[in-house]
There are 2 protein chains.
Amino acid sequence: MTVPNDTSTPQTPNPKPQTPFVCPIPKQQYENIVLAHGAGGRLMHNLIDQVFAKGFGNPLLETDHDSAVLEHNGVRLCFTTDSYVVNPIFFPGGDIGTLAVCGTVNDLAMSGARPLYLSAGFILEEGLPITTLQRIVQSMQATAKEVGVAVVTGDTKVVERGKADGLFINTAGIGICEKDLKIAPRQVREGDVLLLNGDIGRHGMAIMALREGLRFETTIRSDVAPLWGMVEALLDAGIEIHCLRDLTRGGLASALNEIAKTAGVRIAIDERSIPVRDDVNGACEMLGLDPLQVANEGRLVAFVKSEDADRALEIMRGHPLGEQAARIGQVTAGASPLVTMNTVFGAARIVDMLSGDPLPRIC
Amino acid sequence: MTVPNDTSTPQTPNPKPQTPFVCPIPKQQYENIVLAHGAGGRLMHNLIDQVFAKGFGNPLLETDHDSAVLEHNGVRLCFTTDSYVVNPIFFPGGDIGTLAVCGTVNDLAMSGARPLYLSAGFILEEGLPITTLQRIVQSMQATAKEVGVAVVTGDTKVVERGKADGLFINTAGIGICEKDLKIAPRQVREGDVLLLNGDIGRHGMAIMALREGLRFETTIRSDVAPLWGMVEALLDAGIEIHCLRDLTRGGLASALNEIAKTAGVRIAIDERSIPVRDDVNGACEMLGLDPLQVANEGRLVAFVKSEDADRALEIMRGHPLGEQAARIGQVTAGASPLVTMNTVFGAARIVDMLSGDPLPRIC
């Protein structure tokens, strides 16, 4: 477990500034879609705000939350969707099928919902070997079984050679909130403690290492995993969770910035407490990336009531996906939403959301 | 209103055979995905059976029905999904956005469920004009409003130029079965009357005419429309509906063959009663297609109890999408599942499902 060096953002001169300076970024207008519009950063959020939220405008479309919560006859449903376009489709630790189940299951879990049903829509490129499709379906089914969800409905489309890239998968998921919980970014409040369930940056770097042909002494394996089991353990123990967020596109940095903005709070994290593996750190340095901004597929941050933090950490560490769980920071007072990090050098720096993302198609 | 000439299938010598001869089609083994695997015909059904149904094997994955029915605390939910890859994305009568809402809403309606919520997953190709995306989102929202569904959750992915074709959309939908109904292919029984809500073949031919640059005196417009309103009217009137099916990929021929096979019944239809527009008929003849096998996006067949048929027909004709509604056939006795048609010449012919489909990417 090592800590990342800050390779991308200049540190502020004052070691612990009270009101750090935020550099204003000019809003760029794009006429056409660019890769960064799908990368989880600021450009994607602009597109969602300006095209989707405006176009579909309705109170249920909470663009700042992982899934929609719908009530019917006292049943609280969660509903979410994700498309998966990862390239390459097989990678150390998983494949597009594992991802298509975990990603959607995790979005449901982040609302405190037990994942129950999945749909699966396949867009196949002409020429895709049927054995490849079979392997992907097997991965999906194995992961679904592990979590206890069932793929109950599906669709298949085929497009001409060169009009897609192997295969794309969409899954939508339905979960049930069994407890009367309010787990959402707006529930975050001053004093909440941030718990992280393990080392960050592995999924993104596993894909990039493969794509760029980087070799290390050990193979970086994706952390892709379904997180419902750990969330269920926390809920069963009665931990007061205010917000949960899985750290996918845009990594820890994007997740915390989104939540700070929605909740209108400041978040202070401590670099020393954030686990990053040596090989991930090395790969990040080589590619000029910040592990805080690299995608994960089996990592979450829980915002819990400070009195419950120790007990929650113990529960997380008792779960196979949380052995390295750590207390990484706290929600603090402050006038405007901001995420800051106390670095290993004792300075504080602003943790910003990227505009785009140097890692396209990692999920 | 004209009737199609049978251009593709040889007629049987005996005018009204009791046990028509079915030509055995050798099962072709494919190693790689071909376009026909997504075309709604026999090859797609083989792929679904052999890869998806086998891989995801669970009792809820009813591959012979448009959506899955899930029960929770007395609430009966329907859940369905479709991806949309239509090419071109704009066509007379609609666009990929209209299609993405209608297609999924119609799948829910075919289970007798009131469509309530949609998810929307976008896969965008780098370079897509943002104004195009905005137009599509506007179409989706206008259609959603018309039906009374809300797009409540979504996702955006972007892939490199040349790795998708403009944009692909997936929608999944949740509906509620408000009445205690059993509307499914297995409910079809001898004596049921088949009602069709209008002329067939328009959607597929609208796309093909555009793609092939065919010009007629009038523009063939797609029939794309949300069918829930008409279904609701039938249910509210207490019509005993045994099965509903929208006639998308593979057209009327595929829909009836699927239902005959699932229900284990014979279906006899009458060519004279099936409305086909002159221009659609002409375009079909020019391209060597059978209107029975061409896709629609606003057409359904209802299998109703024979005593309710006249009343149901009246209700359908009173709806804007059913002015041309017609009684097109009946479920009959017979040893093995089969669909036959009394042609305009007085002969009976077998109506078969295509192996693939000469019209790729029409939805």
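The values are calculated or read from the model by the stated rules, or taken from the named source; none is laboratory data. Given the structure is predicted, the values throughout are model-derived calculations rather than measurements. Glycine also receives a Cβ, built like all others from the backbone with ideal geometry; neighbour counts cover every protein chain displayed. Each accessible area value is taken on the protein alone, full model and side chains, heavy atoms only, with ligands, DNA and RNA left out. Shrake-Rupley method; radii C 1.70, N 1.55, O 1.52, S 1.80 Å.
Taking label points 7 Å from Cα along the Cα-to-Cβ direction, B:L60 and B:E190 give a separation of 3.7 nm.
Given DSSP loops and a limit of at most 15 other Cβ atoms within 10 Å, what is the longest stretch of chain A that contains no such chymotrypsin sites (Phe, Trp or Tyr not before Pro)? Write down the numbers at each step before the final one.
On the way: sites that count: A:F21, A:Y30, A:F216, A:F345.
Segment A:31-215 is the longest.
Surface composition of chain A: carbon plus sulfur atoms contribute 49% of the solvent-accessible area (1.4 Å probe, protein chains only, all chains present). Other residues lying with their Cβ under 13 Å from the Cβ of B:L321 contribute a combined charge of -4, Lys and Arg counting +1, Asp and Glu -1.
Label-to-label distances for B:K305 across copies, nearest first, come out at 5.6 nm, using points 7 Å from Cα in the beta-carbon direction. Only beta bridges with both residues in the stretch A:66-176 are counted; by DSSP, about 75 percent of them are antiparallel. Projecting the Cα atoms of A:T332, A:A255, A:F56 onto the charge dipole of chain A, computed from C-beta unit charges around the Cα centre, puts A:F56 farthest toward the positive end. Accessible area per residue for the protein assembly as shown, computed on protein heavy atoms with a 1.4 Å probe, is 38 Å². What percent does the relative contact order of chain B come to when contacts are Cα pairs within less than 8 Å and at least six residues apart? Averaging sequence separation for qualifying contacts and normalising by length gives 26 percent for chain B.
For the pair the stretch B:115-132 / the stretch B:198-221, the C-alpha centres are spaced 25 Å from each other.
How big a patch of accessible area, both sides summed and in Å² to the nearest 100, lies buried between B and A at a 1.4 Å probe? Can you show the working numbers first?
Details: alone 16950 and 16990 Å², together 27320 Å².
In total, this chain pair buries about 6600 Å².
In this structure, the residue pairs whose Cα-Cα separation is over 26 Å, taken from A:K157/B:K54; A:K163/B:K145; A:K54/A:K145, are A:K163/B:K145; A:K54/A:K145.
What are the trypsin sites (Lys or Arg not before Pro) within the stretch B:177-239 that DSSP puts in a loop, where the Cβ has at most 11 other Cβ atoms within 10 Å?
Values: sites: B:K179, B:K182, B:R186, B:R189, B:R202, B:R211, B:R215, B:R221; in loops: B:K179, B:K182, B:R189, B:R215, B:R221.
Qualifying residues, ordered by number: B:R215.
Computed across the protein assembly as shown, the Kirkwood hydrodynamic radius from all distinct Cα-Cα pairs reaches 26.8 Å.
Between identical copies, the spacing of B:Y30 label points, each set 7 Å from Cα toward the C-beta atom, reads 3.4 nm from nearest to farthest.
Selection among B:G93, B:S67, B:T143 by position relative to the dipole of the stretch B:66-176 gives B:T143 as farthest towards the positive end (Cβ unit charges, Cα centre). When the other protein chains are added to the chain by itself, burial of at least 50 square angstrom of heavy-atom accessible area (probe 1.4 Å, ligands and nucleic acids ignored) affects these residues of the stretch B:108-128: B:Y117, B:I123. Put a dot 7 Å past the Cα of B:S306, heading toward its Cβ, do the same for B:T219, and the two dots end up 4.5 nm apart.
Show that you can apply the helix-only estimate: for chain B, add -39,500 (n - 2.57) for every DSSP H stretch of four or more residues, divide by all residues, and state [θ] at 222 nm to the nearest 500.
Details: 8 runs with 90 residues, N = 363.
Only helices count here, giving -7500 deg cm²/dmol.
When the inverse distances between all different Cα atoms of the stretch B:185-350 are averaged and flipped, the Kirkwood radius reads 16.1 angstrom. Taking every C-alpha pair closer than 8 Å and separated by at least 6 residues, the mean separation divided by the residue count of the stretch A:85-209 gives a relative contact order of 37 percent.
In terms of the ratio Rg/(2.2 N^0.38 Å) built on C-alpha atoms, what value belongs to chain B? Don't jump to the answer; show the numbers that get you there.
On the way: Rg = 19.8 Å, N = 363, 2.2 N^0.38 = 20.7 Å.
Expressed relative to 2.2 N^0.38 Å, the Cα Rg reads 0.96.
In the assembled protein chains, A:M286 presents an accessible area of approximately 120 Å² (probe radius 1.4 Å).
Given a 1.4 Å probe and the protein chains as shown, B:E285 ends up with an accessible area of around 90 Å². With the label put 7 angstrom out from Cα along the Cα-to-Cβ vector, A:E217 ends up 8.3 nm from the copy partners, going from closest to farthest.
Given the stretch B:66-176, report the % of alpha carbon pairs whose separation exceeds 23 Å.
Details: 1738 of 6105 pairs.
In whole percent, the share of Cα-Cα pairs in the stretch B:66-176 beyond 23 Å is 28.
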